[in-house]
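Trainee: Sharing a structure, written as structure tokens. Questions coming.
The values are calculated or read from the model by the stated rules, or taken from the named source; none is laboratory data. Everything numeric here is computed off the predicted structure, so don't read it as measured data. So basically every Cβ, Gly included, is an ideal-geometry build from the backbone, and we count neighbours across all protein chains shown.
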Amino acid sequence: MAKEKRQFTRITLNIQTVLSLYQIDTYHTGAIANISLGGCYFPIGEELPVGEDCELTITVGKGLDTEIITLSGQIVRSDAAGAGIRFTGNSPHQIDQLEKIIARHLAAIS
């Protein structure tokens, strides 16, 4: 049995996101398939450049309870199915934002 290499537990979700790539000045819309405090997986259907810095704009909640959360990251893995993104901002604010996304998702499925 293979040992788990991830530092943080990932949760499966489907949350609207815009992925913006800095160096090639482009963006993709879609939904994050899973997320943790360390990163996420963004299914995109095309390969993205590994090492590329990026920004994720995530829409959380609905109606009057909608919140836009922006996180910085880096593409660490990519293939034709999608991209693995490691979050690079380790500020207390970014960690708070990630915890908020995870808590809202867990509350919605409870």
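Trainee: Are any residues in region 15-29 over 11 Å from the mean Cα position of the chain (by Cα) and either at pLDDT 95 or above or not aromatic (Phe, Trp, Tyr) (or both), and if so, which ones?
Mentor: Residues of region 15-29 over 11 Å from the mean Cα position of the chain (by Cα): 20-29.
Residues satisfying the conditions are SER20, LEU21, GLN23, ILE24, ASP25, THR26, HIS28, THR29.
Trainee: For region 22-44, what are the residues that are free of Cβ contacts under 8 Å to residues at least 60 places away in the same chain and farther than 15 Å from ARG77 by Cβ?
Mentor: If the condition is that a residue be free of Cβ contacts under 8 Å to residues at least 60 places away in the same chain and farther than 15 Å from ARG77 by Cβ, then TYR22, GLN23, ILE24, ASP25, THR26, TYR27, HIS28, THR29, GLY30, ALA31 are the ones that fit.
Trainee: Answer with yes or no whether SER36 is more than 17 Å from ARG104 (Cα to Cα), among the hydroxyl-bearing types (Ser, Thr, Tyr) and within 15 Å of the chain's Cα centre (by Cα).
Mentor: On the way: more than 17 Å from ARG104 (Cα to Cα): no; among the hydroxyl-bearing types (Ser, Thr, Tyr): yes; within 15 Å of the chain's Cα centre (by Cα): yes.
No, not satisfied.
Residue-wise test of (1) at pLDDT 95 or above; (2) touching a Leu at 6+ places or on another chain (Cβ under 6 Å); (3) not in a strand (DSSP E or B).
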| site | (1), (2), (3) |
| --- | --- |
| LYS5 | no, no, yes |
| LEU13 | no, no, no |
| ALA33 | no, no, no |
| LEU37 | no, yes, yes |
| LEU48 | no, no, yes |
| ILE58 | no, no, no |
| ILE68 | no, no, no |
| SER72 | no, no, no |
| GLY84 | yes, no, no |
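Trainee: Further question on the same structure: Looking at region 21-30 only, could you name the residues that are assigned to a strand (DSSP E or B) and out of contact with any Phe, Trp or Tyr (no Cβ under 8 Å at 6 or more places or on another chain)?
Mentor: Going residue by residue through region 21-30, those that are assigned to a strand (DSSP E or B) are 21, 26-30.
Listed by number, the residues that qualify are THR26, TYR27, THR29.
Trainee: So, in region 61-110, how many residues would count as being under 14 Å from TYR41 (Cα atoms), exposed (fewer than 14 other Cβ atoms within 10 Å of the Cβ) and small (Gly, Ala, Ser)?
Mentor: Qualifying residue count for the region: 2.
Trainee: For region 86-109, name all the residues that are part of a helix (DSSP H, G or I) and either at positive phi or in contact (Cβ under 8 Å) with a residue 24 or more places away in the chain (or both).
Mentor: Step one: of region 86-109, the residues part of a helix (DSSP H, G or I) are 92-109.
Passing the criteria: ILE95, GLN97, LEU98, GLU99, LYS100, ILE101, ILE102, ARG104, HIS105, LEU106.
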